[in-house]
1. Mind pulling up the Rg/Rh value for segment 185-327? Radius of gyration and Kirkwood radius, both on Cα.
2. Tell me, what is the FRET efficiency for Val76 and Gln26 to the nearest 0.05, using R0 = 22 angstrom and their Cβ-Cβ distance as r?
3. Ranked highest first by average number of other Cβ atoms within 10 Å, how do 224-236, 182-194, 134-146 line up?
4. Nearest 0.05, what FRET efficiency do Ile285 and Asn244 give at R0 = 22 Å with Cβ-Cβ as r?
5. I'd like to compare 49-58, 35-44: which one has the highest average count of other Cβ atoms within 10 Å, and what's the full order after that?
6. Given the C-alpha centroids of segment 195-241 and segment 50-115, what is the distance between them in whole angstrom?
7. Rg and Dmax in Å for segment 112-171, alpha carbons only: what are they?
8. Out of every Cα-Cα pair in segment 198-249, what percent are more than 15 Å apart?
Amino acid sequence: MTSRALEELRSSLYNEFHTSEGAKRQQQRFCGPGVALTFNFVISVGIIMANKMVMGTVGFNFPVALSLIHYLAAWVLMAVLRALYLMPIAPPSKSTPFSSLFALGAVMSFSTGLANISLKHNSVGFYQMAKIAVTPTIVAAEFILFQKSVSLRKVITLVIVSFGVAVATVTDLEFNFFGACVAVAWIIPSAVNKILWSNLQQSGNWTALALMWKTTPITIFFFVILMPLMDPPGLFSFNWNVKNSSAIMISALLGFLLQWSGALALGATSALSHVVLGQFKTIVIMLSGFLVFSSDPGLTSLYGAVVALGGMSIYTYLGLKESSTGA
């Protein structure tokens, strides 16, 4: 009887740690929506500071090359985890067509690359307007692709959030035709990227790390193609001393954590919730500058921030209420 019980325990443990279904259960158990969103929020703020240091103090003005370094570092770290048998098992290849994984890897590279170009050629206000436009694009795309609808109360709340963020952050709408074209071109890949990450994890037994391991080489391939087209010349003449290289490696480590935390958040919640988290991050950074560093965003921006935070609170409440009703 004892040996049979031990055998059943060993079989149970094997299923929990050496199958894609068990790995998915472990991820859901230890990384629920609250943990995933908090993890992503903290890392997002950290990488903003790190990238400002890399592109400002260090002077590494090659955004696509920096993204490529981030993904190369992520692939190396995941290879180490795989060698140590710490990488979660991926579902069988027949359960997810390669075309879906290829599409996700390609869309991810275009989403990141176009975002960097948009920020380079547009004012911050115009860039922020493009980010706000991702929200209705996700609602429309999910309805078209998966017949997934959003309740009227959530739609109204998202409108309030977008309006508040726009009032709080959009202060300089300088128009640039090329930049505007890039910003418009970025909206759809950004929305599709979030939808695919969320859908593949929630419809299959993919964990965040297993999906990253499969798609990162595809993303790296497209970055290698995009880098000479999008970055200015001079990458190889950059001063790769210890100080500069260390700053870039810290940014790369945070880049890996950002990818992982973003994938966890999308798997635990939804593409819309992840967009709302990004808008929350924008508002918190603006308010932190006002409260901590005594910056003056203006009374109108503060009113917009309050409206946005109120809308985000209602959206979170509605999401939790829907989750509890579904459960």
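A short reminder: the numbers here are calculations on the coordinates, not readings from a lab. Source: prediction; values computed, not measured. No Cβ is skipped: glycine too gets one built from the backbone with ideal geometry, and neighbour counts run over all protein chains shown.
1. 1.04
2. For R0 = 22 Å, the calculated efficiency reads 0.40.
3. 182-194, 134-146, 224-236
4. After rounding, the FRET efficiency stands at 0.30.
5. 35-44, 49-58
6. Each part reduced to its Cα centre gives a spacing of 4 Å.
7. Reported Rg and Dmax, both Å: 13.5, 36.
8. Roughly 68 percent, rounded to a whole number.
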